[in-house]
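The values are calculated or read from the model by the stated rules, or taken from the named source; none is laboratory data. Quantities reported herein were computed from a predicted structural model and do not represent experimental measurements. We place every Cβ from the backbone using ideal geometry, glycine too, and count neighbours over all the protein chains shown. When the accessible area is computed, the model is the full protein with side chains, heavy atoms only, and any ligands, DNA or RNA have been set aside. Shrake-Rupley method; radii C 1.70, N 1.55, O 1.52, S 1.80 Å.
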Amino acid sequence: MRKKIVAGNWKMNLSIQEGANLIDTVCAQMPTLKEHQQVVFCAPYTHLHNAHLSLQKASKNNTFLGAQNCNPNASGAYTGEISIGMLKECGVSNVIIGHSERRQYFNESNEFLKQKTDALLAQNMQVIFCCGEPLEIREAGTQNDYVAKQLQESLFHVTADQLQQQVVIAYEPIWAIGTGVTASTQQAQDMHFFIRSLLASTYGAEVAANITILYGGSCNASNAAELFSCTDVDGGLIGGAALKPETFLPIIEAMA
Ligand code: PEP
């Protein structure tokens, strides 16, 4: 059975204490996760050490600490950047890469994301690889080609084993991120089915069936259950609704 995951992307929000309180409350109140279910908290860098201690204290199975970015180089003159080794030292096991905000505001290219993918895989990290199209591409009806290019240029060079053991894909239509506009279940299912078909034609049907594909974009307590009921939607990458226990917990519960 492929993994179901709800990952919270806090972005540049919350104080260290607020973050720790959020983890404490969510872990205390969430249902016991089944073997194939996971919850990941992707916190800002300054939170990671404390967030790791909070997760250790809560001692809940299948809960993990994630970061929102990394630099592919091991060390050196990269002012303001963070290495994968530094993240690991803070207890991080999962890293989001390719988020549209990083592509858009920090000009991250498919080639640079390929380097990050390789560096993370080499360091035995779990990768949450984001893809998704802007509104004008959706309006032009070329979203499949757009997403295929992102995946082919940054991810589909990895081996089938690496993909199955270390990679989760998150489809996040940019027009739905932080806008309150959610993709319809049909739009989400269609794209997830397309991504799985692409995986099947590249790696074979068995590998494709094992890959977790998350939906992200204004997913919240009211729409999570419906989105997660789609055949090819295996959970969510959650932004705004991951910042409070009362909005994040129902999304975790919707994974059932
Ligand atoms: C995100 O940025 O990953 C995201 C899905 O944000 P939101 O849930 O706020 O749309």
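Filtered by the rule that a residue be of a type in the set (Asp, Glu) and more than 14 Å from the chain's Cα centre (by Cα), segment 119-175 gives 133, 136, 139, 145, 153, 161.
For segment 141-155, a residue qualifies if it is under 17 Å from residue 103 (Cα atoms) and either outside any loop (DSSP other than H, G, I, E, B) or small (Gly, Ala, Ser) (or both), and the qualifying residues are 143, 146, 147, 148, 149, 150, 151, 152, 153, 154. Taking every residue in segment 1-29 that is free of Cβ contacts under 8 Å to residues at least 12 places away in the same chain and pairing it with any residue that is hydroxyl-bearing (Ser, Thr, Tyr), at least 6 positions away or on another chain, the pairs with Cβ-Cβ distances below 9 Å are 21/54. Residues in segment 148-170 that are within 16 Å of the ligand (Cβ to nearest atom) and open to solvent by 30 Å² or more (accessible area, probe 1.4 Å): 0 in all. For segment 78-94, the criterion of a residue being within 16 Å of the ligand (Cβ to nearest atom) and surrounded by 15 or more Cβ atoms within 10 Å (Cβ to Cβ) is satisfied by at least one position.
Quick check: anything in segment 220-243 touching a strand residue (DSSP E or B) at 6+ places or on another chain (Cβ under 6 Å), under 30 Å from residue 18 (Cα atoms), assigned to a helix (DSSP H, G or I) and of a type outside the set (S, T, N, Q)? Yes, segment 220-243 contains at least one residue that is touching a strand residue (DSSP E or B) at 6+ places or on another chain (Cβ under 6 Å), under 30 Å from residue 18 (Cα atoms), assigned to a helix (DSSP H, G or I) and of a type outside the set (S, T, N, Q). Among strands (runs of 3 or more DSSP E) entirely within segment 46-140, having at least 3 residues that are modelled with pLDDT of 95 or more and over 20 Å from residue 177 (Cα atoms) singles out 63-67. Restricting attention to segment 225-242, the residues that are near the ligand (Cβ under 9 Å from one of its atoms) and over 19 Å from residue 169 (Cβ atoms) add up to 2.
Considering the conditions (1) in contact with a Lys or Arg (Cβ under 6 Å, 6 or more places away or on another chain); (2) open to solvent by 10 Å² or more (accessible area, probe 1.4 Å), residue 235 is excluded by exactly one of them, (2).
Within segment 111-147, the set of residues being open to solvent by 50 Å² or more (accessible area, probe 1.4 Å), among the acidic types (Asp, Glu) and in contact (Cβ under 8 Å) with a residue 24 or more places away in the chain comprises 111, 118.
Criterion applied to 5, 23, 16 was being open to solvent by less than 10 Å² (accessible area, probe 1.4 Å) and away from the ligand (no atom under 16 Å from the Cβ), and the one residue passing it is 23. Among the residues of segment 181-219, those that are of a type in the set (A, V, I, L, M, F, W, C), within 15 Å of the ligand (Cβ to nearest atom) and open to solvent by less than 40 Å² (accessible area, probe 1.4 Å) comprise 183, 188, 191, 213, 214, 219.
There is at least one residue in segment 171-180 that is assigned to a strand (DSSP E or B), buried (at least 20 other Cβ atoms within 10 Å of the Cβ) and at pLDDT 95 or above.
Tell me whether segment 200-211 contains one or more residues that are assigned to a loop (DSSP other than H, G, I, E, B) and out of contact with any His (no Cβ under 7 Å at 6 or more places or on another chain). Within segment 200-211, one or more residues are assigned to a loop (DSSP other than H, G, I, E, B) and out of contact with any His (no Cβ under 7 Å at 6 or more places or on another chain).
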